[in-house]
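Following: one structure in structure tokens, then a few remarks.
The values are calculated or read from the model by the stated rules, or taken from the named source; none is laboratory data. Only a predicted model underlies this, so the values are computations on that prediction, with no experimental measurement involved. Note that we place each Cβ from the backbone using ideal geometry, even for glycine, and neighbour counts take in every protein chain shown. Side chains included, ligands, DNA and RNA excluded: accessible areas come from the protein's heavy atoms. Shrake-Rupley method; radii C 1.70, N 1.55, O 1.52, S 1.80 Å.
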Amino acid sequence: MENILEIKNLSKKYKDFQLKDINIKLPKGMIMGLIGENGAGKTTTIKAILDIIKDYQGEIKVFGLDNRIDEKKIKEDIGVVLDDMFFPEILMPSDIDSIMREIYKNWDSSLYFKYLNDFSLPIKKEIKTLSKGMRKKLEIATCLAHHPKLLILDEPTSGLDPVARNEVIDIFLDFIQNEECSILLSSHITTDLEHIADYITFINQGEILLSKTKDELMEQYGVVKCGLEDFLKIDKNDRLRYKKNRYEYEVLVENKKEFNKKYHMTTIDKMTLEDLMVLMIKGVK
Amino acid sequence: MKGLIKKDLFMIRSNCKILLILFIVYLIMTIEGNDFAMFLLPFMSIMLMISTFSYDSYNKWTSYAITLPNGREKSVRAKYLATLLIALVTTIFTLILLIAVSYFKTNTINMEEILENMLGMLFGIFVIQAFMYPSIYKFGVEKARIGIFILVFGVAIIGGVLSKLFDFSKIADMFKFLNQYSLIVIPLAMFGLLYLSYKVSEKIYQKKEF
């Protein structure tokens, strides 16, 4: 399968933070969800792809081209929604159309206004008068209107109500229908990722903890809930992390079928991405 | 790049009404004999461009702009070109003011004096902007604003003190011959300075991380 995005050994050092050996492959027609707590390195990774940060080690290829050498060519085909970064708020949605027409070769005004209409966004109102959710929708409309092949989205659904979130998620799903387009998406709303992501990459403290297909993750991983007696029976090597609650232990296991065969415990719950994050970050090894 | 220039012009559009009112007020003040009023308009042009930097930074436009296919250098170039455009517009308005003053005061139009005044004013604007823009790209708009005021007042105070202590008339005499070429020397100097400033800003922005 051809990769639309390939990151090899991406590293970047800051005074108090380090991105270490990030490797990501995103095939065409797929959605990859980036998860991790605040400050884990998700946005830094995204910024490196877009050349917003400099002086990093490693190689980043988008559409098979080097992101620094072929920067302009690549950016014609990327749509971006970044957390809190957008047009100055005294501009109006109609200005954005007028500006972007001059910036992107493929800017499609009719598509842009169609999205504004679908999202019930005003055309002649300053951005600062829009609610947070409406701004987000405007950012999404702007990122889609030049027919990009890759969407890079940092928290695209934050601030949206559930109805709007569903609407936006449907648009993202439509976007990858032609199988030539892909999405790299970071989100704290893990349920959204459970709905749409094909791959999940979990970044923690600047390192990739795991990167797998979502189906693989959901089918293999599980959370065992048990009392102290059962917990003590579990071999250290059979548990990834555990957390002690008031009345029970929660144990994250990597292969729930194997685990079940060995221990015959009935209360193995289906793992959610939230469970995975909480247990991997806060749990004990 | 045209898109980026448009963006800056759209941003100052909301201030156009205020500018028009100010223009009328200045026109009346100037006709009444307050010559200083004609310099307020160019000063406003500096403030307008600085306000675009403030909005850019507030909404993190500068990082967003990097994700567009323009490249970093065009972002900087667009800012300088927008500055030149605004300067052109203010120059035209100020020209009207100066011609009006000259006509109302003396019933004649002294074009040579007007052009000299004009160049002096433009030179002033460009010197401030030439120093200010690289500082904004390097330190951000807030720090640069404070820095430039300290610089302007510092130069004024030091210049004032030095002129009291030493006699610069001989040095000034040495450059007097330039006076006859002022219509060539001043434009060359100001565009040269602005170009140099653009190159420095571009270098800073190329390396900048967000």
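Share of chain B's accessible area from carbon and sulfur, percent, 1.4 Å? Its accessible area is 73 percent carbon and sulfur atoms. The charge dipole of the protein assembly as shown, taken about its Cα centre with unit charges on the Cβ atoms of Lys, Arg (+1), Asp and Glu (-1) only, comes to about 920 debye.
Put simply, the amide H of A:Glu207, placed in the peptide plane, has neighbours under 5 Å in A:Lys20, leaving out anything fewer than 5 places away on its chain.
Think of the range A:3-212 as a dipole: +1 on every Lys or Arg Cβ, -1 on every Asp or Glu Cβ, centred on the Cα centre; then among A:Cys181, A:Leu116, A:Met92, A:Met92 lies furthest on the positive end.
Taking the DSSP bridge list for the protein assembly as shown and keeping only pairs wholly inside it, about 65 percent are antiparallel. Interface residues of the range B:3-21, defined as a loss of at least 30 Å² in heavy-atom accessible area between the chain alone and the complex of all protein chains with a 1.4 Å probe, are B:Gly3, B:Lys6, B:Lys7, B:Phe10, B:Met11, B:Arg13. Projecting the Cα atoms of A:Leu279, B:Gly154, B:Ser102 onto the dipole axis of the protein assembly as shown, where Lys and Arg carry +1 and Asp and Glu carry -1 at the beta carbon, places B:Gly154 farthest toward the positive end.
With chain A treated as a Gaussian network of Cα nodes joined by springs under 10 Å, which of A:Gly64, A:Gly227, A:Gly29 yields the largest mean-square fluctuation? Evaluated over chain A, the most mobile residue of the options is A:Gly227.
When nucleic acids and ligands are ignored and a 1.4 Å probe is applied, A:Lys25 ends up with an accessible area of around 120 Å².
Relative to the longest principal axis of the C-alpha atoms of chain A, give the angle of the C-alpha long axis of helix A:109-118, reported between 0 and 90° and rounded to the nearest 10°. Here the helix axis deviates by roughly 60 degrees.
Considering only protein heavy atoms and a probe of 1.4 Å, how much of the accessible area of the range A:21-141 is carbon and sulfur, as a whole percent? Its accessible area is 45 percent carbon and sulfur atoms. Per residue, the solvent-accessible area of the range A:3-212 (1.4 Å probe, heavy atoms of protein chains only, all protein chains present) comes to 40 Å². Remark on A:Ile183: its backbone amide H falls under 5 Å from those of A:Met30, A:Ile31, A:Met32, A:Leu151, a criterion applied only to residues 5 or more positions apart or on other chains, H modelled at 1.01 Å from N.
Using a probe of 1.4 Å, the accessible surface attributed to A:Asp174 totals some 110 Å² when neighbouring protein chains are kept in position.
Qualifying trypsin sites (Lys or Arg not before Pro) in the range A:108-139, where qualification requires a DSSP coil assignment and no more than 16 other C-beta atoms within 10 Å, comprise A:Lys124, A:Lys125. Here the range A:89-120 is scanned for amide nitrogen atoms under 17 Å from the site 7 Å beyond the Cα of A:Asp170 along Cα-to-Cβ, giving A:114-120. Taking a ≥ b ≥ c as the square roots of the eigenvalues of the Cα gyration tensor, the range A:221-282 is classed as oblate, since a/c reaches at least 1.5 and a/b does not exceed b/c. For the range B:181-209, state which residues have at least 40 Å² less accessible area in the presence of all protein chains than in their chain by itself, taking the probe as 1.4 Å and leaving out ligands, DNA and RNA. So the qualifying set is B:Glu209.
When only Cα pairs below 8 angstrom with a gap of at least 6 residues are kept, chain B shows a relative contact order of 27 percent.
Between 0 and 90 degrees, the angle of helix B:111-139 with respect to the longest Cα principal axis of chain B falls at about 30 degrees. Mind pulling the angle between the C-alpha long axis of helix B:72-106 and the longest principal axis of chain B? Nearest 10 degrees, somewhere in 0 to 90. Its long axis makes an angle of about 20 degrees.
With contacts taken as Cα pairs under 8 Å at a separation of at least 6 residues, the range A:115-234 carries a relative contact order of 17 percent.
To the nearest 0.05, what FRET efficiency results for A:Lys54 and B:Val25 with a Förster distance of 41 Å applied to their C-beta separation? It comes to 0.30. Calculated mean residue ellipticity, 222 nm, chain A: -10000 deg cm²/dmol, from DSSP H runs (n ≥ 4) at -39500 (n - 2.57) each, averaged per residue and rounded to 500. Rounded to the nearest 100 Å², what's the accessible area chains A and B bury against each other, both chains counted, probe 1.4 Å? Counting protein atoms only, the buried area is about 2900 Å².
What pairs in A:Lys28/B:Lys207; A:Lys42/B:Lys208; A:Lys244/A:Lys282 have C-alpha atoms more than 22 Å from each other? Going by Cα-Cα distance, A:Lys28/B:Lys207 fall outside the 22 Å limit. For chain A, the share of DSSP beta bridges that are antiparallel, to the nearest 5, is 65%.
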